[in-house]
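Taken together, the values in this text are just the output of simple stated rules run on the coordinates, not laboratory data. Since we're looking at a predicted model, the values are computed, not measured. With ideal geometry, Cβ positions are generated from the backbone for all residues, glycine too; neighbour counts draw on all protein chains shown.
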Amino acid sequence: MSLGDSSPPGEARLNQRLAEIETNVHDIWASLAMTGTSPSVTEPLPAGPSTTFSMKSHAGAETDSMADVEIVTHTTTPDESGIACKAFGFQDAPLLTLVKAASMTEELQSNYPEPITRNKANDPVNLPWFPMLHDDDLLMVLAATEQYWPIWPPWQYGALPPNMPILQASGVRYAAEFLSRMARSSSPSIAAKAWLWLSLCIQQAPKTLQLSHCELSHEALLALYLKTASKLLTSATRTNNTLDDIEAQLIQQRIYVDMGRPRQAWLIVRRATDEALLLRLHRATEERGQGREAAIWNEIWRLETTLALILGLPSTIPIPEYNSSGSNGNNPLHVLLHRVQSLAAAVVARNQSPQPSYLVTMQISHKLEACRALMPDSWWDEPPQQDQPFTQLYIQQALKVQFFLVTKMLHLPFMLSADDGYEYSRVSAVDASRSLIAAYLGLRSCSKGLFVICESLDFQAFSAGITLLIRLLSLTSGKRSSDGNNVDQDWPLINALTMCLRRTASVMQCKVASQAAEVLDLLTQAARGTYTGPEKYNVVLPYFGRVTISLSQGLERTHLEGLGERQESPQQQPTNPPFGTVEFSANPFDLSYSSESLEGELGGDWSSISDIDFSFYWTQMFTFNNYNN
């Protein structure tokens with residue numbers, strides 16, 4: 001039949017043929033759904049522990065309703081097909097749905113020609129148009145990452161039954177069933193949540209985990225799932241904005257933060273902010289029964305403020321008032337988090353001023369010190385207890401990292417100043433860097449914390465190490481400061497950080513940790529006069545500045561500055577040894593100069609943009625004797 005036949009008889013024959021094909025599609029899909037060849041997480045689950053729900057239970061029924069699941073599991077007669085077309089519109093016929101999905105699948109798989117599974121016909125978990133993990137692989141990925149679910153965004157909030165506030169309350173098998181059903185939702189936003197949550201699991205899964213039914217690498221599978229979720233969210237934006245849209249984007253930004261791409265995460269958060277404003281979430285309060293809305297808005301504010309601080313960008317969200325009468329009003333951790341984020345917003349505002357005020361800096365500093373009183377000294381200073389629940393340990397260390405990051409970013413611009421009047425900021429920035437590194441090492445020393453993937457966190461610990469190294473290199477024999485007594489403790493701390501980053505790079509295949517360990521190692525070698533790197537080492541550290549190490553062979557000099565300086569008479573040393581220079585450059589109040597130049601952001605090749613002529617407002621050079629050569 002020609003598609004160009006537009007006569008009434010032609011249309012009738014076309015409609016009749018489409019109805020027949022539609023019926024066949026229903027029958028084929030129903031037969032696949034009812035096949036008993038292998039267990040599937042889309043079928044009622046076998047009996048298990050009391051915490052595991054079955055889809056026959058009321059929880060499963062509520063899940064289907066809340067997730068707006070659209071799954072065909074019955075045979076359809078021609079009469080039923082006609083009724084369905086009249087009820088839902090011809091545009092929703094399964095045939096046209098499959099045709100539309102096929103075009104999307106073709107585009108999605110253009111960069112991934114390998115097949116996803118080996119036995120698609122016997123795999124009811126797979127969506128008919130999106131590549132889904134086989135049952136066994138899905139359960140394997142979820143089991144390997146279940147312990148990390150509590151530290152991720154609560155995406156299922158508002159979709160789970162009221163008696164199940166967290167997904168892991170029912171175990172891995174229920175989670176697998178829940179995800180597979182959510183991915184089939186007729187709502188693109190709800191489906192995107194499932195894909196993004198599973199993306200988090202794939203990202204966090206051990207690199208050694210072998211998926212028996214999937215031929216894609218972890219990286220390729222993650223890229224495919226992110227692209228799928230992005231298309232779903234794009235489709236959702238064509239309709240009215242919903243809370244599910246925003247929650248999905250909050251999961252999406254977490255993936256990019258863990259990937260070491262804060263700029264991309266900021267763009268996602270900004271889109272979520274716009275949608276939240278249109279829904280008036282900035283006016284939501286828990287007292288009005290808008291607990292979900294208020295929680296989303298507060299999360300957006302915290303994320304936007306933190307990313308703006310890291311990227312050197314302005315924040316456009318006003319500080320929300322803390323709800324002391326809410327469900328978490330008296331929780332000291334929640335109070336501390338809100339106050340720290342409020343002060344982070346104050347640092348962001350100061351950085352955007354044409355002439356940043358040191359008076360404002362000191363006022364913020366005093367408020368930060370007051371925040372410390374909310375928790376006992378032991379909470380701040382002692383290593384975390386390894387026998388406590390991992391979620392509690394992670395929250396404690398992450399909050400400490402956030403506090404010391406804000407403190408470091410507050411004082412760092414004035415630490416880099418040559419004005420002796422800013423010694424307080426130098427001491428404060430270095431002390432905050434020490435504490436940030438200690439908090440990071442406390443998390444990584446935990447057996448579960450070792451495997452937490454977050455390249456942005458690795459970079460912030462590395463950035464604190466660079467701050468500490470700048471101070472150590474500046475402490476020459478003729479220049480000591482009030483914190484000079486800590487030098488003997490600082491070098492072991494730098495070594496511990498370097499070893500931890502090297503281990504993280506090996507275990508997690510983390511590019512950020514790998515490059516960070518290399519930079520710290522070479523700078524340490526230069527400071528000790530044992531440099532073994534290339535004669536010209538030049539890297540641009542994203543959102544920080546440039547580091548250059550240059551080695552000169554066989555040249556004489558009359559004066560050396562830096563940690564490696566030694567005073568010897570010409571008779572004792574007829575020929576000066578080879579020497580080198582270490583040069584740091586930065587823009588203290590403008591950190592985003594390289595954001596658009598480095599592909600992959602933090603995970604990109606830091607040496608790839610070293611030849612770009614950036615303008616830096618601050619530069620400091622140190623020289624060293626290289627006795628190793």
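Please give the length that would be gained between ASP420 and LEU277 if that part of the chain were fully extended, namely 0.36 nm times their separation in residues minus their C-alpha to C-alpha distance (nm, one decimal).
46.9 nm
Would you mind calculating the gained length between GLU215 and GLN352 on full extension (0.36 nm times residue separation, minus the Cα-Cα distance), in nm to one decimal?
Length difference between fully extended and current span is 44.5 nm.
To check my understanding: the extent here is largest minus smallest coordinate of the Cα atoms along each principal axis. What are those three numbers for region 406-505, in Å, largest first?
43, 25, 16
Give a residue-ordered list of calculated ³J(HN,Hα) values for region 507-515 (Karplus: 6.51 cos²θ - 1.76 cosθ + 1.60, θ = phi - 60°; whole Hz; x for Gly, Pro).
6, 9, 6, 9, 5, 5, 4, 5, 5
Remind me, what semi-axes does region 208-290 give for its equivalent ellipsoid, largest first in whole Å, using sqrt of 5 times each Cα gyration tensor eigenvalue?
So the equivalent ellipsoid measures 30, 14, 13 Å along its semi-axes.
What distance in nm separates the simple spin-label points at GLU287 and THR530, each placed 7 Å from Cα in the Cβ direction?
6.4 nm
Grab the Cα-Cα distance for GLU321 and PHE616, subtract it from 0.36 nm times how many residues apart they are, and report the gain in nm with one decimal.
Here the answer is 102.4 nm.
Using the structure shown, list the pairs from LYS193/LYS227; LYS207/LYS231; LYS207/LYS448 with a Cα-Cα distance above 20 Å, or answer none.
In this structure, LYS207/LYS231 exceed 20 Å between Cα atoms.
Taking only the alpha carbons of region 487-526, what extent do you get along each of the three principal axes, in Å, biggest first?
32, 17, 10
Please list 393-400, 301-308, 202-209 highest first by mean number of surrounding beta-carbon atoms within 10 Å per residue.
Highest mean packing first, the order is 301-308, 393-400, 202-209.
Taking the mean number of other Cβ atoms within 10 Å as a proxy for protection, how do you rank 522-533, 456-467 from highest to lowest?
My ranking of the peptides, most packed first, is 456-467, 522-533.
If you take the beta carbon distance between MET499 and SER235 as r and set R0 to 41 Å, what does 1/(1 + (r/R0)^6) give as a FRET efficiency, to the nearest 0.05?
That pair, MET499 with SER235, gives E of 0.30.
For region 306-386, place one equal point scatterer on every Cα, skip the solvent, and apply the Debye formula. What is log10 of I(q)/I(0) at q = 0.20, 0.23, 0.24, 0.26 Å⁻¹?
-1.02, -1.15, -1.18, -1.24
Please list the non-local residues whose amide H lies under 5 Å from the amide H of LEU133, H modeled 1.01 Å from N, same-chain partners needing a gap of 5 or more.
For LEU133, no residues qualify.
By count of other Cβ within 10 Å, fewest leading, how are ASP377, ASP613, ASP490 ordered?
With the sparsest Cβ surroundings first, the list reads ASP613, ASP377, ASP490.
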